[in-house]
Amino acid sequence: MAKDLIETVQRTMGSHVVMFVGHESGEGQIKLAVFESAPGDGKKVFTESSQSSKDWVLTAESILTDYLLEEDSAEKQEVEISLDEDGNPEVPTWGGQKLKVQQSLARAVFQAAYAKFIKMPEAKVPWGLLIKSPMEYLDSESIPEGFTMKDPSKWTKADLGLLWDHC
């Protein structure tokens, strides 16, 4: 699929494309691949054309690996939510945070609000029920227009922006 995309971009736009692809292959291992469009003039591909290009590829692979591992650790990062004097969760600053951290912050705000509402500090948000029938559990004014309730791990930055701007 990546090769098809690269060939299409080169054919239709005349652009030379280098694409780094990485994914977790299980047990915390990261698999990387580099895809590149073939130069039309018979020269070597960019990533093999010089020692500095080869070094650039190694550096980029290292950066991508670090990024993927950092995202993984951010997902497991514990976040803390401050409560006001009445025990209500305070909306934390979320700008500049990675998506997984933003999702964790939003989950923690919902958790703190739910625990306060039912007066049980250890209670967990019933996400399945909340997703299925959000208006049974939430005031219609507490959810922004156009927002779809789903598990926080599925929220995009756009979803979180709607939610945070509504607070």
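Throughout, read-outs are computed from the coordinates displayed, never taken from laboratory work. Bear in mind that the values here come from a model prediction, so they are computed numbers and not experimental data. Neighbour counts are summed over all protein chains in view; Cβ atoms, including those assigned to glycine, are modelled from backbone coordinates with ideal geometry.
As a test of understanding, state the convex hull volume per residue of the stretch 118-167 from its alpha carbons, in Å³. Write down the numbers at each step before the final one.
On the way: hull volume 5.1 nm³, N = 50.
Convex hull volume per residue, Cα atoms: 101 Å³.
Remind me, relative contact order of the stretch 1-62 in percent, using alpha carbon pairs under 8 angstrom and six or more residues apart?
Values: 63 pairs, mean separation 15.8, N = 62.
Relative contact order for the stretch 1-62 comes out at 25 percent.
Where in the stretch 120-167 are there GluC sites (Glu not before Pro) that are in a DSSP coil and have at most 15 other Cβ atoms within 10 angstrom of their Cβ? Mind dumping the intermediate values first?
Values: sites: GLU122, GLU136, GLU141, GLU145; in loops: GLU122, GLU145.
When the GluC sites (Glu not before Pro) of the stretch 120-167 are filtered for loop state and at most 15 Cβ neighbours within 10 Å, GLU122, GLU145 remain.
Report Rg(Cα)/(2.2 N^0.38 Å) for the chain, keeping two decimals.
Working: Rg = 22.4 Å, N = 167, 2.2 N^0.38 = 15.4 Å.
Expressed relative to 2.2 N^0.38 Å, the Cα Rg reads 1.46.
Taking only Cα atoms, what is the 0 to 90° angle, nearest 10, from helix 2-13's long axis to the longest principal axis of the chain?
70
Helix 99-117: angle to the longest alpha-carbon principal axis of the chain, degrees 0 to 90, nearest 10?
Helix 99-117 sits at roughly 10 degrees to that axis.
Dipole of the stretch 84-167, Cα-centred, from +1 at each Lys and Arg C-beta and -1 at each Asp and Glu C-beta, to the nearest 20 debye?
560
Might you report the magnitude of the Cβ-based charge dipole of the chain about its Cα centre, with Lys and Arg at +1 and Asp and Glu at -1, to the nearest 20 debye? Don't skip to the end; give the middle numbers.
Numbers: 17 positive and 28 negative charges, 118 e Å.
Around 560 debye, computed over the chain.
From Cα pairs below 8 angstrom and at least 6 apart in sequence, can you work out the relative contact order of the chain, rounded to a whole percent?
Details: 162 pairs, mean separation 21.9, N = 167.
Taking the mean separation of contacting Cα pairs over the length of the chain, I get 13 percent.
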